[in-house]
Amino acid sequence: MVEKTRTLLARFVPGLRDLLSRGSAGWMTFIGFVIVSSIVCMTLIGPWIAPYDPVDQLRHAPRLGAPSWEFPLGTTVLREDMLSRILTGGSTMIQVASLSALICFIVGVPLGLFSSYVGGKIDKVFSIVMDSIYAFPGLVLAIAIAAMLGRGGFSMALAISVVYIPSYFRVVRSQVLTIKELPYTAAAKAAGARWHTILFTHILPNVVPSIVVVATVNFADAILTAAGLTFVGLGVQIDVPDWGRDLTSGREVLASGAWWVIAFPGLMIILLTLGFTLIGEGLSELTTPKLRE
């Protein structure tokens with residue numbers, strides 16, 4: 001076990017040094033990864049380290065109690081411990097963002113590959129549809145779809161994915177339009193390679209770096225959109241701890257001076273969004289040398 005740990009560290013440390021030696025792009029990626037991984041780890045172990053049940057209305061707790069030694073982050077209007085809700089409330093948001101990114105990848109990437117490779121009328125139709133969705137205000141469209149589907153994590157993820165599928169489609173399409181005209185792709189066609197072989201063997205591997213960058217940025221946008229859906233009452237059920245729901249509750253009692261109810265969940269949403277944004281921006285610069293110049 002010790003030898004395996006040393007081997008992993010021996011492989012990890014040189015890679016980390018190489019990343020940090022890439023300038024500001026490497027540092028942005030590293031800092032973003034540290035922020036995201038810290039929040040994800042906190043969320044995973046949150047149910048075991050939370051001092052109280054996040055949805056339990058504590059009889060001995062004050063109503064809208066300010067931060068104290070017993071309740072470091074204060075309590076809510078329902079006498080719930082804010083620290084417990086912060087430790088566990090990110091799981092829903094991360095799950096929704098992950099599921100929406102997965103749906104976007106499964107739908108947007110194949111559509112972008114097929115449409116741009118085939119071209120012609122098929123490409124025009126898909127492009128018009130995707131551009132129409134892309135031009136529509138994202139949050140408004142997500143609210144409309146979530147309202148039709150009803151409350152719940154899957155409904156939120158599906159609504160968010162519809163908004164961001166065009167982003168995957170546009171990026172993949174633009175990459176494929178360039179790559180399919182390169183000499184090695186023409187050589188594969190001349191050698192008699194089938195279209196699916198060319199797409200998934202010669203074109204897709206060269207598109208993956210751009211997809212990764214889009215996915216990280218999509219995560220950041222999905223988190224904000226999920227918070228927005230919860231803020232307008234289209235999120236998860238009321239008995240599920242969620243940072244977006246805490247923002248909604250905090251808005252209603254902010255006038256009474258209970259700043260902690262809205263400050264801490266808002267800070268966690270900002271940090272998680274910032275982490276994914278830094279990763280996306282860093283990877284974008286690392287995979288695009290012109291941006292580093």
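The values are calculated or read from the model by the stated rules, or taken from the named source; none is laboratory data. Here the structure is a predicted model, which means the values were calculated and not measured. In this analysis, Cβ positions are derived from the backbone assuming ideal geometry, glycine residues included, and neighbour counts consider all displayed protein chains.
Quick notes
- Search result, residues across region 199-251 that are in contact with a helix residue (DSSP H, G or I) (Cβ under 8 Å, 6 or more places away or on another chain), without any contact (Cβ under 8 Å) to a residue 40 or more places away in the chain and of a type in the set (A, V, I, L, M): 238, 247
Residues checked against (1) of a type in the set (A, V, I, L, M); (2) surrounded by fewer than 17 Cβ atoms within 10 Å (Cβ to Cβ):
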| site | (1), (2) |
| --- | --- |
| 116 | no, no |
| 119 | no, yes |
| 125 | yes, yes |
| 137 | no, yes |
| 145 | yes, no |
| 155 | no, no |
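- Meets criteria (of a type in the set (A, V, I, L, M, F, W, C), touching a residue at least 40 places away in the same chain (Cβ under 8 Å) and crowded, with 18+ Cβ neighbours inside 10 Å) for residue 87: yes
- Residue 77 being surrounded by fewer than 16 Cβ atoms within 10 Å (Cβ to Cβ) and in contact (Cβ under 8 Å) with a residue 60 or more places away in the chain: yes
- Here the helices (runs of 4 or more DSSP H) wholly within region 174-285 that include at least 3 residues being of a type in the set (Ser, Thr, Tyr) and closer than 26 Å to residue 154 by Cβ are 204-231.
- Listed by position, the helices (runs of 4 or more DSSP H) enclosed by region 63-145 that each have at least 2 residues that are farther than 30 Å from residue 186 by Cβ, among the aliphatic types (A, V, I, L, M) and at pLDDT below 90 are 90-118, 120-135.
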